[in-house]
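Every read-out reported here was derived from the displayed coordinates using simple, explicitly stated rules and does not represent laboratory data. Keep in mind the model is a prediction, meaning the values are calculated, not measured. Cβ placement follows ideal geometry from the backbone for every residue including glycine, while neighbour counts extend to all protein chains displayed.
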Amino acid sequence: MTLSVKSLGVVLDGHALVDDFCLELEPGRVHAVVGESGSGKTLSALAVLGLLPEGAQARGSARRGGVELLTAAAPVRRAGLAMVLQEPLSALNPVLSVGEQLLETLAVHRTPGDLRAGAISLLGEVGIPQGAERLGMFPHQLSGGQRQRVSIACALAARPEVLIADEPTTALDASMRGVILTLLQKLARERSLAVWLITHDLHAVRGAADEVTVMYAGRVVEQGPTARVLESPRHPYTVALLAANPAAAKVGVPLPTLAGAVPLAREVIAGCRFHPRCPRAMEQCRAERPALVDGVACFSPVEGKP
Ligand SMILES: Nc1ncnc2c1ncn2[C@@H]1O[C@H](COP(=O)(O)OP(=O)(O)OP(=O)(O)O)[C@@H](O)[C@H]1O
Ligand code: SF4
Ligand SMILES: [Mg+2]
């Protein structure tokens, strides 16, 4: 196990923005964390990295190599972890060339050998040929997909064991999304990297992630091997997310949608936080909070194919 996150909570101004989050990351595997906007995907990762917004506090545990990260000093905590952000233009420095940014990271992490050769090799690894020429280019001279590849190369330059990719394809066009997700999986396999992939698109994880965690309003509602979750979803929220697939829509047939909206973090909802929107809700759901048991947090999980 590369990273084991258990009972992670994030509290801000007395409100639990993330509650009882758990995740196991293994070398060579991609674990996707999926959920609607505001479900707590980014905050969970920032809590592990020690980068929470001011005033927010993390609770629980995140262990890597026998070290408790939540209480460790920043350099210990972040060693071995790297993050790729949604928008590569804001992640990369616009006034530094690709080479300057890569060489700086390689130097900080004391990569042995010729740094320039190391930078060119990293660019090749992320699918950018003619690296020697690209080193002199600036971020604005690259396409969106190339920029995201460069920011992945910068993250790899830190020689991480865990790569957290937060919506790495949202800023890209549809054809490039699959390419970047395939690249992340290739890097996971070849480098024995554990990849923590954050995305709002459950359909995008098919073929791109080995395991998936579905979040709703700050909590994990379903977790398991991707094939199992996609083929036989058990939580009513996962079922609804999969049903609302524009790619599978038929002409003239309205796309199934889920009534209502994700509750605000400060909204107090007793019992299961999904119950106001759940077609299977019953009395118990309004009073008690379901725990995550056998990969699903629900008192009345869907059995068999939905
Ligand atoms: N700096 C902040 N101050 C106050 N509340 C915040 C802050 N950052 C996030 N939140 C709240 O915490 C909750 C979880 O936010 P988070 O950014 O983790 O969501 P997310 O799942 O990553 O959403 P998205 O898909 O939009 O990126 C949301 O309700 C959000 O409003
Ligand atoms: S616990 Fe109840 S309300 Fe929550 S998802 Fe399951 S059936 Fe629906
Ligand atoms: Mg986010």
- prompt: Wholly within the range 219-305, which helices (runs of 4 or more DSSP H) include no fewer than the required count, namely at least 1 residues that are more than 16 Å from ligand 1 (Cβ to nearest atom), of a type in the set (Val, Ile, Thr) and in contact (Cβ under 8 Å) with a residue 12 or more places away in the chain?
  reply: 226-231, 236-243
- request: May I ask you to list the residues in the range 27-56 that are acidic (Asp, Glu) and either in contact (Cβ under 8 Å) with a residue 24 or more places away in the chain or within 7 Å of ligand 1 (Cβ to nearest atom) (or both)?
  value: Glu36
message: Condition check: within 16 Å of ligand 1 (Cβ to nearest atom), under 26 Å from Leu25 (Cβ atoms) and surrounded by 15 or more Cβ atoms within 10 Å (Cβ to Cβ). Does Arg149 satisfy that?
response: no
- prompt: Among the residues of the range 14-23, is there at least one that is away from ligand 1 (no atom under 15 Å from the Cβ) and either over 18 Å from Ala158 (Cα atoms) or surrounded by 17 or more Cβ atoms within 10 Å (Cβ to Cβ) (or both)?
  reply: yes
query: Is one or more of the residues making up the range 241-261 more than 10 Å from ligand 2 (Cβ to nearest atom) and buried (at least 19 other Cβ atoms within 10 Å of the Cβ)?
result: yes
- request: Counting only residues that are closer than 20 Å to Thr199 by Cα and of a type in the set (Asp, Glu), give me the strands (runs of 3 or more DSSP E) lying completely in the range 1-120 with at least 3 of them.
  value: 15-25
- request: Kindly indicate whether any position in the range 152-173 is more than 16 Å from ligand 1 (Cβ to nearest atom), part of a strand (DSSP E or B), touching a residue at least 60 places away in the same chain (Cβ under 8 Å) and acidic (Asp, Glu).
  value: no
query: Mind checking which residues of the range 33-48 are within 13 Å of ligand 3 (Cβ to nearest atom) and either in contact with a helix residue (DSSP H, G or I) (Cβ under 9 Å, 6 or more places away or on another chain) or on the phi > 0 side of the Ramachandran plot (or both)?
result: Val33, Val34, Gly35, Glu36, Gly38, Gly40, Ala47
